[in-house]
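Structure first, commentary second.
The values are calculated or read from the model by the stated rules, or taken from the named source; none is laboratory data. A quick note: this is a predicted structure, and the numbers were derived from the prediction, not measured. Virtual Cβ from ideal backbone geometry, glycine too; neighbours counted across all protein chains shown.
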Amino acid sequence: MSLRILGLALLLGCGALWLPPASWLDRAMAQASQGRLRLAEAGGTLWRGGAQLMRLTPSPSRAARTLGRIEWRFRFAALRAGTAQWDLRQADASAALFWSPSGWRVEGLDDEDGNR
């Protein structure tokens, strides 16, 4: 009986690593943008998914403005260079989110005011 429970726990753990939820990317986006950009209504997985891109205002109320739908895809090939990379697409724009041992960064994603 305990062997079955251990097997089930191992199977669920592997599934969680293989199919992590898309919402995990929100935390990365927040870190890369110093809390200015967030992802809402995320769907899919960490490897491939989509969400509403939100820009938080610097006011005390931290009001959010929707910047539109964004889709992403993880680039496994970037791992050879020691970097994790997600290609981001929003309507007719594209950008990338990177993680390396030095931290998170986002490149090429401007909002309507030209801010990153």
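Descriptive notes on the structure:
- Subset of region 20-54 that is touching a residue at least 60 places away in the same chain (Cβ under 8 Å) and out of contact with any Phe, Trp or Tyr (no Cβ under 9 Å at 6 or more places or on another chain) - its residue that is surrounded by the most Cβ atoms within 10 Å (Cβ to Cβ): LEU37
- Qualifying residue in region 75-84 (condition: under 14 Å from the mean Cα position of the chain (by Cα), in contact (Cβ under 8 Å) with a residue 12 or more places away in the chain and surrounded by 12 or more Cβ atoms within 10 Å (Cβ to Cβ)): yes
- Of all residues in region 97-114 being within 19 Å of ARG69 (Cβ to Cβ) and in contact with a Lys or Arg (Cβ under 8 Å, 6 or more places away or on another chain), the one that is modelled with the highest pLDDT: LEU97
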